[in-house]
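What follows is a single structure, written as structure tokens, with notes after it.
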Amino acid sequence: MSLFLEFELVMLVLYGIESLAYAPGDAVLTVRTTLARVRLARPWQIMATRRGRVLVAGWAPWDVGMVAAPWPISIHGDRVTNRPSHALFDTRAVETLPAEVLSASQLDAVTCHDSELWVNGRKFALCASREQARLMVRLLRRWRDSSESDRQAVVKREMRRHLSVRRATRRWTMFRREARLAVCVSVALAVLIFVVLPLIYVNLGLERYWRFLIPMYGLLVVMGGMEMDRLYRCLYPQSTGERWKQVVLTIIAPTHAMRLANHVGHDLLSGFHPVVVAQVAGNPQQARDAARETWLSLHHARLSTEPDPAEVEAMVRAAREHDQRELDAWIAQQGHQSADWSKPPTRTSDSCVAFCPRCASQYTEVDAGCRLCGGLKLTPFADEGAAVADNAAV
């Protein structure tokens, strides 16, 4: 009995490990879905940020943990920097890399290793996923190889793809349709190991039934490997190496096979902006919340913990202004009303005299910077602002 209990304990531990997917840096939106219901959550509501990494967890076999993030780089004119134009959440992981500014002529070798973007043999930026890293490689290569007059058009074209609701909807619908059998295999395997085996062991004993259970287990594992191969061919046709890796892991590790949908879907919409993911996969309220977060991050940018060189900050500001125009037009096109998003929050206490225009945190001192937004300048409440002006006049 102890051997069987040890087996079940090992399976539970491995299943817990397999249920966790890591996304570095500014992985700003998580979609956890049962293919029918969708829940969007900020990463810190799932697990706290630690060392610049965000833990994205989906525990049930039918859950999918997907990440999405804005571009991890900023492009303006014929130069690129490894600082994002806007970051919805924590940027500490981004700031671990030294700030760099490169011209198009300096981009000799642009590649990616897993979710890292490498330029000229050095790590240049951290992406939210492997898929986003590949998209950044494609963007920088096309931008580098274009003529100087066409480079801005290349960036605009890629930004439209980044904000395309139609493309994201088509990809999301395809995944929901194609992943149904994978979810069934995952659930069946989990039920076999965590429900059927313990019940048979306790009530009947495994000696009489192992001849039936082993072929059933083998059939489910082989079906899982075939489904993993099929889904990767359908959704990620360029990821040959990653596809074979996932197929082998699915066959040799039963807990990996229980997480089929999670492993396939993790990078599914990472090529799109989080506001697009919320619009496609969430309900109207979640879409409005994501649009509001994006609008605030563009109009009230979070300050860096350590100031970057003036050249980098100027580039980021210029790229942010371009993104503001693109995303403001997108938000208006989707029918969201941004006029109310700049209004002050309801005061929680009479002692609060100012608030952060980005995260709406309230403070008792006007001159204090927002601790959550890198010291961003606070906005006084209307009556406090009038009082400050009167004191200054006196």
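At-a-glance table
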quantity	calculated
Phi-based couplings in Hz for segment 121-133 (Karplus 6.51, -1.76, 1.60; Gly and Pro marked x)	x, 10, 5, 9, 7, 9, 9, 6, 6, 4, 5, 5, 4
Sequence-distant residues sharing a close amide H with PHE124 (under 5 Å, placed H)	LEU117, TRP118, VAL119
Point-to-point label distance, ARG141-LEU12, nm (Cα→Cβ direction, 7 Å offset)	4.8
Exposure proxy ranking, count of Cβ atoms within 10 Å, fewest first, for GLU321, GLU8	GLU321, GLU8
Length released on extending from ALA153 to ARG347, taking residue separation times 0.36 nm less the Cα-Cα span	65.3 nm
For ALA68, residues with placed amide H under 5 Å, excluding near neighbours	VAL28, LEU29
Sorted by Cβ density within 10 Å, fewest first, the residues ARG371, ARG167	ARG371, ARG167
Average Cα contact separation per residue, segment 278-358, under 8 Å, 6 or more apart, as relative contact order %	39
For segment 102-110, Karplus couplings with θ = phi - 60° (6.51, -1.76, 1.60), whole Hz, Gly/Pro x	10, 8, 4, 5, 8, 8, 7, 10, 10
Rounded to whole Hz, the Karplus (6.51, -1.76, 1.60) HN-Hα couplings of segment 65-82, x for glycine and proline	x, 10, 10, 8, 7, x, 4, x, 10, 10, 10, 8, x, 10, 10, 9, 10, 8
For LEU376, residues with placed amide H under 5 Å, excluding near neighbours	LEU303, CYS370
Sorted peptide list for 332-338, 210-216, 309-315, 275-281, criterion being average Cβ within 10 angstrom, highest first	275-281, 309-315, 332-338, 210-216
Relative contact order of segment 74-164, defined on C-alpha pairs under 8 angstrom at six or more residues apart (%)	22
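Quick note: the coordinates plus some simple rules give every number you see, no bench work behind them. Every value quoted in this text rests on a predicted model; they were computed, and no experiment measured them. All Cβ positions, glycine included, derive from the backbone under ideal geometry; neighbour counts span all protein chains shown.
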